[in-house]
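Report on one structure; see the data block that follows.
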Amino acid sequence: MTLIKIHEFSTGVIIQGTPSQWWIAEFMKERDFMNSTLDKIPYPVERAISQELLTIYDFPENTKSPVIIGREVRYRREAWSVLAVVTLGEDEPGNKVCLYRYFVTEGLGKITDLLSWYNRNHRPSFYPFDRKKVGQHHDYDDDKTLKHDALSKLEFQNLLTTTRHQRLVVPSYIKCTPVILNQLAERIKKKKQLIAWGFNVENIFKSRTFQVLHLSQSSPLNPPKDPPTFLNKLLRYIITINHNITDFVNHIYLSIVTPIKVPPLLLFMIFLGGSVLIAPTFLIAFFSTQFFYGLVWGFGMIFIFFFGLEIGRRIR
């Protein structure tokens, strides 16, 4: 018997109303959470949230079932297993918004335990009146986790046989559960690769980082697709580049600010000041005979400037 500690926290919001009828008056600042049993969100988990590895674009239409994301995260020697449960809520103007409740436990290979605890405790989702305090974690005996292989069914064997990549899409018409998705991810992942899967998803951020995705009924990925046109390929290429640039900015920001504790305002001034100092040199180079070098210098200046603005946006 091993007793594991399951912590939780939720999207940070200010609410109005009653426990039976409530709405969101305001969202808290980025990286602020509520009902947390942790004094500080573990850095690998916070990093994954900031990099949108536990994020969906839109909540699936015509369904009340939550979107569930299971993912292992690691940074250096620290590793956590994470379960993100996404449901719908409303803000004050009546707009639909996605709300997250995260369940985490330290170490890899614990998603099955998280799912077992989740199913045994009435599948909790975001509910602001379920108050939690720091230290009020859940103790779970992992002997209660049933060890069984649900992949013996023919439809899953066919999926495993036909897949040619380290990524699998399970259509909505195949009856599936998060436990089965986790087993599929464990089966097809590469050695030392971290597990990542999404259940009941329609559109999801950075889908390429998941091994297995189970589609909702309304997912546009369900119908067969025509061969991609040149424009579609170009658009996907641009989106991929944008994601890579965003990942790069996130990685530099989190790597510098969080471990080293550089004051954010000082960091912003360094990059903003650098872009101002580089401008005169760029103008001289641009209007000189070295036109190519001027362009290279200019793009460098633009990158530094917008990187500084991105840092400023994050620390507001």
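Which of (1) under 20 Å from L194 (Cβ atoms); (2) surrounded by 14 or more Cβ atoms within 10 Å (Cβ to Cβ) is the odd one out, the single condition G109 does not satisfy?
It fails just one condition, (2).
Collect the residues in the stretch 57-113 that are at pLDDT below 95 and among the aromatic types (F, W, Y), keeping them in residue-number order.
Y57, F59, Y75
Would you point out which residue out of T37, T18 is in the same structural domain as P128 (by TED's automatic domain parsing), closer than 16 Å to D130 by Cβ and at pLDDT 95 or above? Break it down into steps so the answer makes sense when it comes.
Working: T18 fails: at pLDDT 95 or above.
Residue meeting the stated conditions: T37.
Which numbered condition trips up E52, out of (1) within 14 Å of the chain's Cα centre (by Cα); (2) farther than 19 Å from G12 by Cβ; (3) surrounded by fewer than 20 Cβ atoms within 10 Å (Cβ to Cβ)?
Result: E52 fails condition (2) only.
Return the residues of the stretch 72-88 that are closer than 19 Å to S36 by Cα and of a type outside the set (A, V, I, L, M, F, W, C); say none if nothing qualifies.
S81, T87
Looking at the stretch 1-15, which of its residues are among the small types (G, A, S) and part of a loop (DSSP other than H, G, I, E, B)? Steps first, please.
Here is the first cut: in the stretch 1-15, the ones among the small types (G, A, S) are 10, 12.
Once the filter is applied, which keeps residues that are among the small types (G, A, S) and part of a loop (DSSP other than H, G, I, E, B), the stretch 1-15 yields only G12.
Looking only at the stretch 187-203, how many residues end up being in a helix (DSSP H, G or I) and of a type in the set (V, I, T)?
The qualifying residues number 1.
More than 19 Å from K206 (Cβ to Cβ) and surrounded by fewer than 19 Cβ atoms within 10 Å (Cβ to Cβ): which single residue out of D39, D58 fits that description? Show your work before the answer.
Details: D58 fails: more than 19 Å from K206 (Cβ to Cβ).
Being more than 19 Å from K206 (Cβ to Cβ) and surrounded by fewer than 19 Cβ atoms within 10 Å (Cβ to Cβ) holds for just one of D39, D58, which is D39.
Out of L151, L160, L184, report the one residue that is in a helix (DSSP H, G or I) and farther than 24 Å from V86 by Cα. Before the answer, list the steps.
Details: L151 fails: in a helix (DSSP H, G or I); L184 fails: farther than 24 Å from V86 by Cα.
Step by step, each of L151, L160, L184 is checked, and only L160 is in a helix (DSSP H, G or I) and farther than 24 Å from V86 by Cα.
The values are calculated or read from the model by the stated rules, or taken from the named source; none is laboratory data. Since we're looking at a predicted model, the values are computed, not measured. Virtual Cβ from ideal backbone geometry, glycine too; neighbours counted across all protein chains shown.
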